[in-house]
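Novice: After the structure tokens below, expect a handful of questions from me.
The values are calculated or read from the model by the stated rules, or taken from the named source; none is laboratory data. Everything quoted here is computed from the prediction, not taken from an experiment. All Cβ positions, glycine included, derive from the backbone under ideal geometry; neighbour counts span all protein chains shown. To get the accessible areas, we keep the full protein, side chains included, count just its heavy atoms, and leave off ligands, DNA and RNA. Shrake-Rupley method; radii C 1.70, N 1.55, O 1.52, S 1.80 Å.
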Amino acid sequence: MTVIPVVIDENICVEKCTICDVFCPGDIIYRLEKDKPPVVMYPDECWYCGACALHCPVDAISIIFPPEMLDCQTTVASLLEKPEL
Amino acid sequence: MTETRSRKAAAGSIQVVEADIAIVGGGVAGCLAAVGAAEIGAKVAILEKGGIIERSGSIAAGVDHYIAVLDEGEEWDKPGYLLRHVPVVTQGVTDLPAAARLIYGLPGMVKRLEDMGVDFHDPDKPGIPYYRHRAFGLPGEYYINFDGRHFKHSIGRAARKTGAKVFERVMVSEVLMDNGRPKGVVAFNIRTGAVFFVLAPTVILAAGDANRIGENASGFPFDSWHIPYNTGDGHGMALRVGAQLANMEFTDSTVSPKGYSTQGLNAFVGAGAHFINVNGERFMFKYDPKGERASRAALVNGVVGETLAGRGPIYCDCTHLSEEEAQHLVRTLGVDRPALPDYFAQKKINLSKEPFEVTVGEIATVRAGALFRGSGVHVDADAASSVPGIYAAGDCSSMNAAVAGAAVMGHVAGQSAARFAQNQPRPEALSKDEIERIHEDMVRPLHQEEGITFRQFEDEVRHIVTHYIGYRREEKYLQEGLHRLQLLREREKEMIAENYHGLMRVNEARNIRAVAEALATSAIERKETRASAAHFRVDFPDTDDENGRRIIMVEQGAEGKLRVSSRQTGLQVDVLPEVPPEILAQEEEAV
């Protein structure tokens with residue numbers, strides 16, 4: 001299942017504005033056509049920094065965290081495991 | 001691990017530009033390098049893979065603290081005083097002349113940044129000139145607290161105003177060499193594929209730290225403490241042109257809510273949060289007399305130690321804070337990471353009612369476990385690398401101290417490179433054949449029909465770094481990890497890219513592997529434990545001050561293998577040294 005970290009409200013997003021596209025540090029968000037809202041092109045490369053939402057002049061952007069981040073089931077001990085040699 | 005894809009590799013335009021200096025990276029160090037170089041009249045090109053230099057780099061979204069020496073009257077507020085403490089702060093592992101250059105540059109840099117429009121005043125404390133506080137084990141109140149949400153905007157604009165030619169969304173792929181000297185860089189636009197050759201006799205590497213090298217709890221590789229788009233590009237390029245990297249055995253990590261690798265640890269600790277284990281015990285005092293106020297590396301060490309002892313999960317406990325204090329804390333977290341308040345809201349957790357589980361973050365090469373020491377391109381007091389004509393500054397260099405360090409040493413690098421360029425012959429023009437050959441090499445991943453993705457390649461690196469190197473290191477695992485990283489080098493050429501954005505990721509993956517190999521090589525060489533979790537050897541658990549006060553360096557030898565060497569620093573850690581007179585003389589002149 002693809003996780004969509006950045007959700008843009010099409011009803012609020014302003015035509016021609018490219019702030020989220022330009023300010024995204026990871027080249028994740030693309031405004032491909034001026035009369036259509038930006039596209040989250042590489043959702044699995046998102047840092048979850050929130051710069052796009054912070055700078056959106058009309059508050060059209062929400063950051064949505066997936067279950068893997070909100071209710072993470074990984075045990076910390078598994079990150080510390082040594083392999084069999 | 002093989003797959004077939006259809007790729008569109010539209011032939012982009014090719015442009016050749018001439019400059020005195022090519023700056024790789026338009027973050028704090030790169031922008032200040034441009035300013036320093038312009039003061040000497042050099043012609044500069046800045047190449048930045050992010051969208052716009054006013055909003056790119058590690059602190060694009062803001063910063064709230066800045067290290068300063070202001071000489072406002074207190075004894076600790078003089079550069080010489082701070083410099084004398086550097087050997088203690090760095091456990092005797094640093095280059096003192098380079099640290100001196102940085103520290104003596106701090107007072108002037110505050111003024112310079114203010115002239116660019118940075119406002120260092122704390123909006124919450126209007127009555128005092130600067131709100132200063134003590135942190136991170138420094139021997140005085142060196143930290144200025146301020147509202148730096150527009151910091152990068154100011155210095156990006158200052159760099160642009162110098163008239164430097166700015167290339168944005170443009171990633172440098174390689175430094176071009178001619179007879180052991182740089183002749184420029186080759187780069188491409190990550191969306192259009194337009195190719196740029198910048199011919200220049202000097203190159204400044206200012207590409208930041210190296211993230212995405214370790215696994216984390218969420219399993220999302222781009223979920224990282226520091227910016228995941230900083231991938232050791234400067235480190236990788238430096239190695240490929242024969243420059244030395246230093247201190248690569250020291251790694252960084254943090255303690256984060258489990259599932260979200262993020263800034264914010266300082267805010268929690270500063271607000272008085274406790275760390276407790278599964279038995280509800282406040283365990284940090286077992287690891288460090290300062291408890292939760294210990295260094296970040298010590299906190300990481302505590303969480304790792306408790307987990308390995310079977311006393312996990314570990315929780316961050318704010319239940320002794322009032323509801324109001326807890327709410328204030330969550331709001332301030334947004335300065336460090338804008339989306340962090342959203343995270344806690346969506347997690348539906350009331351900090352004043354229940355503890356939340358934490359984890360150690362992924363391993364990263366952010367700083368070398370201390371200020372005034374970096375894991376990166378080895379530089380001297382002039383920010384010069386071991387290769388004439390190549391300079392480095394900021395988090396990809398061996399002399400850094402967060403934003404202030406990047407600013408001062410970036411400026412130094414710009415001035416040094418500009419002076420060097422004045423006496424250099426212009427690089428010879430590239431022939432049509434050379435341009436074609438370099439271009440073809442650069443875009444090869446776009447034309448391969450079959451291969452592995454950057455993500456598959458990187459997953460291998462992260463697995464090796466996390467489990468064979470790790471937070472607890474041991475010779476046999478390090479050796480096996482190094483061996484696996486060397487084998488992985490052979491698979492670099494199998495990586496495929498769908499488009500120019502993907503080509504950027506393939507380049508990043510190569511640099512991530514190079515950083516990991518330098519890390520493994522250096523970690524094998526340091527047979528002691530130093531700087532807590534920054535380099536913890538279970539087979540050498542003690543700090544060996546007799547032999548350990550040395551700088552370990554790696555460089556790429558024949559057939560791409562890394563060679564390791566080291567140099568004793570001669571720095572005492574139990575007594576405060578006098579500042580050597582030659583440093584004082586040189587610095588007084590500079591001030």
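Novice: Given Cβ point charges of +1 (Lys, Arg) and -1 (Asp, Glu) and nothing else, what value in debye, to the nearest 20, does the dipole of the stretch A:6-79 about its Cα centre take?
Specialist: Approximately 160 debye in magnitude.
Novice: Using only the Cα atoms of chain B, what are the Rg and Dmax in Å?
Specialist: For chain B, the Cα radius of gyration and maximum Cα-Cα distance read 23.1, 70 Å.
Novice: Give the share of C-alpha pairs in each 5 angstrom bin for the stretch B:255-360, from 0 to the last occupied bin, in whole percents, shortest bins first.
Specialist: Result, from short to long distances: 2, 13, 25, 27, 19, 11, 3, 0 percent.
Novice: Same structure again: Tell me the Kirkwood radius of the stretch A:6-79: reciprocal of the mean inverse pair distance over distinct alpha-carbon atoms, in Å.
Specialist: Numbers: mean 1/r = 0.0750 Å⁻¹.
Taking every pair of different Cα atoms in the stretch A:6-79, averaging 1/r and inverting gives 13.3 Å.
Novice: Give me the distance in nm between label points sitting 7 Å out from Cα along the Cα-to-Cβ direction at A:GLU33 and B:ASN279, one decimal.
Specialist: 6.4
Novice: For a quick check of your reading of the filter: which GluC sites (Glu not before Pro) in the stretch B:39-133 sit in a DSSP loop and have no more than 16 other Cβ atoms within 10 Å? Numbers along the way, then the final one.
Specialist: Details: sites: B:GLU39, B:GLU48, B:GLU54, B:GLU72, B:GLU74, B:GLU75, B:GLU114; in loops: B:GLU72, B:GLU74.
Hits after loop and neighbour filter: B:GLU72, B:GLU74.
Novice: 222 nm [θ] for the protein assembly as shown, helices only, -39500 (n - 2.57) per DSSP H run of 4+, per residue, to 500? Present the calculation step by step, with values, prior to reporting the outcome.
Specialist: Details: 20 runs with 224 residues, N = 676.
The per-residue figure over the protein assembly as shown is -10000 deg cm²/dmol.
Novice: Do any of A:LYS82/B:LYS290; B:LYS476/B:LYS561; B:LYS286/B:LYS353; B:LYS111/B:LYS183 go past 23 Å between their Cα atoms, and which?
Specialist: Values: A:LYS82/B:LYS290 30 Å; B:LYS476/B:LYS561 19 Å; B:LYS286/B:LYS353 26 Å; B:LYS111/B:LYS183 35 Å.
Going by Cα-Cα distance, A:LYS82/B:LYS290; B:LYS286/B:LYS353; B:LYS111/B:LYS183 fall outside the 23 Å limit.
Novice: Another question, if that's okay. Which of the DSSP-defined H helices in chain B satisfy a minimum axial length of 24 Å, computed from C-alpha atoms, and a minimum mean Kyte-Doolittle hydropathy of -0.5?
Specialist: Values: long enough: B:96-115 (29 Å, 0.30); B:402-422 (30 Å, 0.71); B:500-525 (38 Å, 0.01).
TM-like helix candidates: B:96-115, B:402-422, B:500-525.
Novice: Long-range amide H contacts for B:ASP539: which residues qualify at under 5 Å (H placed 1.01 Å from N, peptide plane, sequence gap of 5 or more or a different chain)?
Specialist: Excluding prolines and chain starts, which carry no amide H, the hits are B:GLU475.
Novice: How much of the accessible area of the protein assembly as shown, probe 1.4 Å, is carbon plus sulfur, in whole percent?
Specialist: Exposed carbon and sulfur together represent 49 percent of the surface.
Novice: Can you list the lysines whose alpha carbon is less than 17 Å from that of B:LYS348, not counting same-chain residues fewer than 8 positions off?
Specialist: Output for B:LYS348: B:LYS258.
Novice: Follow-up. Taking a Cβ-Cβ separation under 4.7 Å as the criterion for a possible partner, which cysteines of the protein assembly as shown have none?
Specialist: Cysteines lacking a close Cβ partner in the protein assembly as shown: A:CYS13, A:CYS17, A:CYS24, A:CYS46, A:CYS49, A:CYS56, A:CYS72, B:CYS31, B:CYS316, B:CYS318, B:CYS396.
Novice: Give the lysines reachable from A:LYS16 as a straight Cα distance under 18 Å; neighbours fewer than 8 places away on the same chain don't count.
Specialist: A:LYS34, A:LYS36
Novice: At 1.4 Å probe radius, can you tell me the per residue accessible area of the stretch B:373-434 in Å²?
Specialist: Values: 1910 Å² over 62 residues.
Averaged over the residues of the stretch B:373-434, the accessible area is 31 Å².
Novice: Consider all pairwise Cα distances in the protein assembly as shown and report the whole-number % of them above 43 Å.
Specialist: Numbers: 39664 of 228150 pairs.
Cα-Cα pairs of the protein assembly as shown separated by over 43 Å account for 17 percent.
Novice: Further question on the same structure: Show me the GluC sites (Glu not before Pro) within the stretch B:434-473 that DSSP assigns to loop and that have at most 11 other Cβ atoms within 10 Å of their Cβ. Before the final figure, lay out the partial values.
Specialist: On the way: sites: B:GLU434, B:GLU436, B:GLU440, B:GLU449, B:GLU450, B:GLU458, B:GLU460; in loops: B:GLU449.
Listed in order of number, the matching sites are B:GLU449.
Novice: With a 1.4 Å probe on protein heavy atoms only, tell me which residues of the stretch B:35-73 lose at least 30 Å² of accessible surface in the complex relative to the chain by itself.
Specialist: When all protein chains are present, B:ILE52, B:ARG55, B:ALA61 each give up 30 Å² or more of accessible surface.
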